[in-house]
Amino acid sequence: NLQIIIDGQQVQVPANIGVDPATGAMSAVHTHETDGTIHIEADTVGEVFTLGQLFTQWGVKLTPAQIGGVRVDNGVLQVTSDGTPVEGDPADLRLEPEQRIVLQVR
């Protein structure tokens, strides 16, 4: 599950990220609803998927200093996974079953 908060405001994660509207074909990392649930349907057991792959499918830039058009020039981008702070590039965060990811810009 992915939750994005920018200056105290919840940002909705769109439905159908990674789903081709013409054919319905899905990438391995995708969404169906706007509730932030990330689905992974891999062809190979043991494949590793990252948060950056979802953002690439979404077409939204994700770096340690930016989420989409929001730059963290004077603020802080806080990333947590299951309540634990994550250091480094959030795009590299490995996706795990039942994981709760929060990206917060303050």
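Tabulated data for the structure shown
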quantity: Whether the range 36-81 is rounded, prolate or oblate, judged on the alpha carbon gyration tensor where a/c under 1.5 counts as rounded; calculated: prolate
quantity: Cα lying deepest toward the dipole's positive end in the chain, options VAL48, ASN1, GLN12, charges on Cβ; calculated: GLN12
quantity: Mean shadow area of the chain over all directions, Cα convex hull, nm²; calculated: 6.8
quantity: Portion, in percent, of the accessible area of the range 1-75 that falls on carbon or sulfur, probe 1.4 Å; calculated: 47
quantity: Rounded to 5, percent antiparallel among DSSP beta bridges of the chain; calculated: 80
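The values are calculated or read from the model by the stated rules, or taken from the named source; none is laboratory data. In this text the structure is predicted, and so the values were computed from the model without any measurement. All Cβ positions, glycine included, derive from the backbone under ideal geometry; neighbour counts span all protein chains shown. These area figures cover heavy atoms from the full protein model, side chains too; ligands, DNA and RNA do not enter into them. Shrake-Rupley method; radii C 1.70, N 1.55, O 1.52, S 1.80 Å.
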